[in-house]
Amino acid sequence: MASSSCFLRSILFSSPTNLRSNYPLSTFFPKNHLTCSPSTSSRFQSFSVSSIGTGSSKRVSDTRIKVKSMATTDIGKEEKKRVEIYDLEENLAIDLAKFTANLSDKFCKERGAFTVVVSGGSLIKSLRKLVESPYVDSIDWARWHFFWVDERVVPKNHEDSNYKLAYDSFLSKVPIPPGNVYAINESLSAEAAADDYETCLKHLVKTNILRVSESTGFPKFDLMLLGMGPDGHVASLFPGHGLCNESKKWVVSISDSPKPPSERITFTFPVINSSAHVALVVCGSGKAEAVQAALKKTGNVPPAGSVSAEDELVWFLDKPASSKL
């Protein structure tokens, strides 16, 4: 059963590797994807680092942050932005799980639903603590609605599929209702899949699953969990690409991605930045230069430097990723 409009297909949580290639995958999977749009933020030259649990703080230069274990860096309340730095990625994952679980509890109680958007890549690995005790048993998974900020237009069982990555490491381990997981219809062209996903989001707005930002008119997801590439790209919004300037559409297609596979769909920046809460999770020394450029607005500011949130943006960094701050 093919789909070219917002037909909310329920996902069957059978392993993507077991799907029969001659059976229309659109029968089983909904649609989803990401978008990106630029935002402005002010420069900063130095900031305060507080050691968690000690209450102490010190001024540090704008070239490097030194921490003993975990540290919190405030970058200005006016930007609704803060930076968390961890010596160990394990501690980052623990704190990210607590952060996500607390927001889940808050929104499930306040509005009876929790809308969560994820990217692909290493971000999914960083969510691993959510599928362990105590969170796997305490989170109200039945109220979660799960989306992707971007997706590659490939079969669900393809190694490049963000759906497969999330299924293997996360979705298969938690009881989110199949009908609450919104994957793209990859049987369509990239352009049609993007339009289809946007139509799906607009349907969810009408049914009050998704809120709308009063200030922008774009959908307001409760939490957007993003990773960042070594070049500073987020979602499928790459440095210098025209889609970073898209200001009207919710979901767009890309056919010339500098990183294969070339055909993808992605949320635009207006959608990303209309989210209530955004977590940007970055690990590894190979991304340190992009982190520096994004946070300090030095040189050619990468797309990650344009990410913002309506309520709070939190950067979760391990020590190697923060080494050039």
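The values are calculated or read from the model by the stated rules, or taken from the named source; none is laboratory data. Everything numeric in this text was worked out from a predicted model, so none of it was measured. Cβ placement follows ideal geometry from the backbone for every residue including glycine, while neighbour counts extend to all protein chains displayed. The accessibility values were calculated without ligands, DNA or RNA, using every heavy atom of the protein model including side chains. Shrake-Rupley method; radii C 1.70, N 1.55, O 1.52, S 1.80 Å.
Before moving on, here are some points about what is shown:
- Of the residues making up the stretch 247-257, not a single one is in contact with a strand residue (DSSP E or B) (Cβ under 9 Å, 6 or more places away or on another chain) and closer than 25 Å to F99 by Cα.
- Qualifying residue in the stretch 180-198 (condition: open to solvent by 40 Å² or more (accessible area, probe 1.4 Å), in contact with a helix residue (DSSP H, G or I) (Cβ under 6 Å, 6 or more places away or on another chain) and not small (G, A, S)): no
- P175 being open to solvent by 50 Å² or more (accessible area, probe 1.4 Å) and in contact (Cβ under 8 Å) with a residue 40 or more places away in the chain: no
- If you go through the stretch 288-319 and keep only what is open to solvent by 10 Å² or more (accessible area, probe 1.4 Å) and in a strand (DSSP E or B), you end up with E312, D318.
- Answer residue from the stretch 199-252, given it is of a type in the set (D, E) and within 19 Å of the chain's Cα centre (by Cα) and is surrounded by the most Cβ atoms within 10 Å (Cβ to Cβ) among those: D222
- Close pairs from the stretch 225-249: first touching a residue at least 24 places away in the same chain (Cβ under 8 Å) and within 18 Å of K125 (Cβ to Cβ), partner buried (at least 18 other Cβ atoms within 10 Å of the Cβ) and acidic (D, E), Cβ under 7 Å, at least 6 apart: A235/D150
- Restricting R128, R152 to those that are touching a helix residue (DSSP H, G or I) at 6+ places or on another chain (Cβ under 8 Å) and over 15 Å from A97 (Cα atoms) reduces the list to R152.
- Test: residue in the stretch 257-264 that is out of contact with any helix residue (DSSP H, G or I) (no Cβ under 7 Å at 6 or more places or on another chain), surrounded by fewer than 17 Cβ atoms within 10 Å (Cβ to Cβ), touching a residue at least 40 places away in the same chain (Cβ under 8 Å) and outside any loop (DSSP other than H, G, I, E, B): no
- For the stretch 169-218, the set of residues classified as closer than 24 Å to I139 by Cβ and assigned to a loop (DSSP other than H, G, I, E, B) consists of F170, V174, P175, I176, P177, Y182, A183, T207, N208, I209, L210, listed by residue number.
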